[in-house]
Amino acid sequence: MGKVKSDKSDTAYRALKQVKSAYVMGFFAGGLTLVLGLIYLLFPDSPLTTDVPNWFIFVNAFIVIILSILLAVKKSRVCAILLFSYTCISQIALILINRNTAMAVAVVWIVIFGVSYLYGIMGAFTYQRLKKNGLIK
């Protein structure tokens, strides 16, 4: 985490906490997606399987994990925005592919993870602003 040089320690702490919540949720989402992808791969006749191709599930997990790593290391505004956007777009694509079965899960996924990623966007912008002003090393 960044070192704080000013009275803005509370603001910096909140920004870092917001960024941390976003990348932790990103790691959780990527890990959960990998586990579900393995279930789909190992048990193709399972009632949990969907019409989504297996490769898409692994690519999705890979992208979310990479964006989460970059958000954790760089506190990047671009990665925070991409993480939020990619999650929303991929869940909307899932709704379009699986018309009825995945709709409720995808909506809940967007709400839970989307809120966390929005906090990550706010935290990344605050962190970068404080860093630019020299308040964080």
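Quick notes
- When the chain is described by a simple charge dipole with +1 on each Lys and Arg Cβ and -1 on each Asp and Glu Cβ, the residue from V64, L16, I95 located farthest towards its positive end is L16.
- Charge dipole (the chain, unit charges on Cβ, about Cα centre) - positive-most of L32, F113, L42: F113
- Size of charge dipole - the chain - debye, nearest 20, with Cβ of Lys, Arg +1 and Asp, Glu -1, no other charges: 1080
- J(HN,Hα) series, the stretch 108-114, from Karplus relation 6.51 cos²θ - 1.76 cosθ + 1.60, nearest Hz, glycine and proline x: 4, 4, 4, 5, 5, 6, x
- Per-residue packing, averaged as other Cβ atoms within 10 Å, sorts the ranges 115-125, 55-65 into the order 115-125, 55-65, beginning with the highest.
- Based on Cα contacts under 8 Å between residues 6+ apart, the chain shows a relative contact order of 42 percent.
- Correct choice for Rg/Rh (Cα atoms, Kirkwood Rh) that was computed from the model, options (1) 1.01; (2) 1.90; (3) 1.08: (3)
- Calculated FRET efficiency, K137 to C88, Cβ-Cβ distance, R0 = 35 Å: about 0.55 to the nearest 0.05.
- In sequence order, the stretch 126-137 has phi-based couplings of 5, 4, 5, 5, 5, 5, 5, 7, x, 8, 10, 7 Hz under the Karplus curve 6.51 cos²θ - 1.76 cosθ + 1.60, θ = phi - 60°, and Gly or Pro positions carry x.
Where a number appears in this text, it was derived from the coordinates with a stated rule and is not lab data. This one's a predicted model, so the numbers in the text were calculated from it and none came from an experiment. Please note: Cβ atoms are built from the backbone with ideal geometry, for glycine as well, and neighbour counts cover all protein chains shown.
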